[in-house]
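The numbers here are math on the coordinates, done by the rules we state, and not lab data. No experiment lies behind these values; they were computed from the predicted model shown. Here the Cβ positions follow ideal geometry from the backbone for every residue, glycine too, while neighbour counts run over all protein chains shown.
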Amino acid sequence: MRALTSIPDRTRRARSGRPALHAVDPRDDRAPLALVVVDDRIEGGTRARLLGDLGFRVAVRRGAIEGLDALDRLEPAVVLVGVWARGMDTIGFCRAVAAGHPGFVDRLVACAPAGVDEGTVRLLREAGVAYVIEGPWRRSELPEALLAAGVPAPTRPADRADPFIGRRLDDRFIVKELLGVGATARVYRVEDQQLRDEVALKLLDPESSIPQAADRFRQEILICRDLNHPNIVRTFDFGVADGRLYYTMERLAGDTLDEIQVGRDREPMPLTDALPLVVQALRGLDFAHRRGVVHRDIKPSNLFVVEGTGQLKIIDFGVAKSPAVSLARSVTGTAVGTPSYMPPEQLSGDGVTGQSDLYSLGVTLYQLLTGSVPFRADSIPELMDKIINEDPIPVCQLRKDVPECMDEIINKALAKDPGDRFTTGHEMAVALRDCAKNFS
């Protein structure tokens, strides 16, 4: 269970553009060092933030060569490595560590994508990995992983407390609690003195070195404030506090669909549980699409289920596309989103439409019903090839209680050509409700 911390998954880099030595306090060399080896700076920044919050100094290195070179020079307490990040053979890296740096073998922790096959996990462990984290890293899971590698998480000194806790921002908001930290912003639980209620406040980090971070933050504000729908997280106000852009949104208690699946050990979800949630997501998407907004990153971790009500909210419009905000348009040839949930046109960097979001929600429905995304691979190029050229295994072959009409709906949502998919979220929702009558 957690409160909403809708933070875009972006990285902090040095001003030179190279991965930075991300330290809790650069003057405190007593804090243990964690070496993060990935092939993607975005992933590295996310890992660095979580480890930094646990009290580590963190060094991020891109690719196996830089990672191996850093081992002897930095002598890290623990090595955390991303699995199958663009082109980097993680198992090969771990084997190279075992061969050339045997003292670090037991300090390896790997982060594998959700739904990784058991064979890959076995090979990682045979290569010397002490612990494998499957899916998104969480503060609650990291300490266990570190202990498995023989490295307890350091105790954070009291003077490292967040400087905004207890303060009044913009002469209106009293900061109560830090809910989450991203590479460009922090989210706090605050008491709104005007609304007389608690809300979530997202505060931009003015020192972020991510290109156009402030412009993208403004973009997110402009998009979200016009999306007032029961199935989309509600945004209230925006402004500037201490020279930092901020906006407030409703504070939600509950879990994302990804967290719900992790709590179920990624077991398939009953049809009667999954379909109402997906229909709610379709209602929210249909509302956004009719206003020209394409989310571009629909996936289980961006679909939030409110505790006690079963109400679903679409969150995180940080990479959304809107005709009213020019920066939301992606550069031709640049893919924006999460690869396993992206349709062919989005992977190739072509223009995205509402049908692109419907594809991503089709992938999400497939995952809810089977416990796995429809296409899995050991590298991004291989994954792209499967998404573009292969058909998924029919859900009814994996589950006997799934009617053929459900497979027909999923196959239509996952059509390679956007023109072969559902035209609107409403059309797909109607199809799901009609199909549900066959097993209600």
In the range 297-312, which residues have a backbone nitrogen under 19 Å from the label point lying 7 Å from H229's Cα in the Cα-to-Cβ direction?
297-306, 310-312
What full-extension length gain, to one decimal in nm, is calculated for L195 and K437 as 0.36 nm per residue of separation minus the Cα-Cα distance?
82.8 nm
Cα-Cα over 23 Å, subset of K313/K416; K176/K299; K299/K412; K313/K400; K299/K321; K416/K437:
K313/K416; K176/K299; K313/K400; K416/K437
For the pair E144 and I393, the simple spin-label estimate (label points 7 Å beyond Cα toward Cβ) gives in nm 2.6 nm
Sparse-neighbourhood loop sites, GluC sites (Glu not before Pro) in the range 368-424 - DSSP loop, at most 13 other Cβ within 10 angstrom:
E390
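For the range 255-436, what is the charge dipole size about the Cα centre, in debye to the nearest 20, if Lys and Arg each add +1 at the Cβ and Asp and Glu each add -1 at the Cβ? Present the calculation step by step, with values, prior to reporting the outcome.
On the way: 18 positive and 26 negative charges, 107 e Å.
Approximately 520 debye in magnitude.
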Relative contact order of the range 255-436, defined on C-alpha pairs under 8 angstrom at six or more residues apart (%)
23 percent
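Give the order of L303, L54, L147 when sorted by the count of other beta carbons within 10 angstrom, beginning with the fewest. Walk me through the numbers before you get to the answer.
Working: L303 25, L54 20, L147 13.
If I rank by nearby Cβ atoms, fewest first, I get L147, L54, L303.
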If amide H atoms are built 1.01 Å from N in the plane of the peptide, which residues on other chains or at least 5 residues away come under 5 Å of the amide H of L80?
L35, V36, V37, V109
Multiply the residue gap between E134 and L74 by 0.36 nm, knock off their C-alpha separation, and tell me the result in nm, one decimal place.
18.9 nm
Mind ranking 411-417, 194-200 by how tightly packed they are, going by the mean number of other C-beta atoms within 10 angstrom, highest first?
411-417, 194-200
Residues D117 and R95, FRET efficiency given R0 of 25 Å [Cβ-Cβ distance, rounded to 0.05]:
0.85
Mean Cβ-within-10 Å packing, highest first, puts peptides 126-133, 162-169, 225-232 in the order 126-133, 225-232, 162-169
